[in-house]
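Nothing in this text is a laboratory measurement; each read-out follows from the coordinates by a stated rule. As the structure is a prediction and not an experimental result, all values here were calculated from the model.
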Amino acid sequence: MKTVHQILTGLLSLLLVSCGSSRLDLKESESQPARYQAMAFQKYGRGTEFVFNESKTVVLCLTRSKPSAIHPQQQVSFFVFDLSSDTTIFEDEIVNGSVDWKDSFTLLVSTIPGMVKSEESSAGQMSGYIFDLRSRKKRSLDASGVQ
């Protein structure tokens with residue numbers, strides 16, 4: 001009877017020790033940055049912005065350069081990261097523009113053109129593109145009719 005009691009005590013101790021170590025692993029993984037964050041910090045450094053889509057399944061990771069005398073135009077670098085597949089879906093850089101979610105699966109990438117020398121009919125027209133995450137295709141803002 002004494003041997004059975006010692007065996008049960010040993011098994012219970014082993015169970016408690018193994019549960020305790022898994023809790024430490026969980027705490028360590030929670031304190032580490034997610035893969036998309038690590039990639040963004042590696043590519044762009046600190047100051048990276050993270051903008052999730054409405055359903056929180058995809059994240060837009062972007063950074064904007066500060067204009068300077070040497071580079072007066074702002075550069076926007078970004079990538080889109082799919083959280084379910086843990087992969088980068090799309091990556092691009094634009095000058096003098098902005099990137100934002102149009103809806104849960106569509107990015108609106110607009111640019112501000114420099115010197116435009118054309119008729120007034122094209123004045124005020126948006127420049128850039130729309131990126132559809134489902135089809136993974138770009139389409140020009142000129143052709144899409146987005147205002």
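Structure notes:
- Residues whose amide H falls under 5 Å from that of ILE89, counting only those 5 or more places apart or on a different chain, are VAL80, PHE81, ASP82, with hydrogens built in the peptide plane.
- Amide H contacts under 5 Å for ILE112: GLY97, restricted to partners 5 or more places along the chain or on a different chain, H placed in the peptide plane at 1.01 Å from N.
- The range 35-144 shape via C-alpha gyration tensor axes, a/c threshold 1.5: oblate
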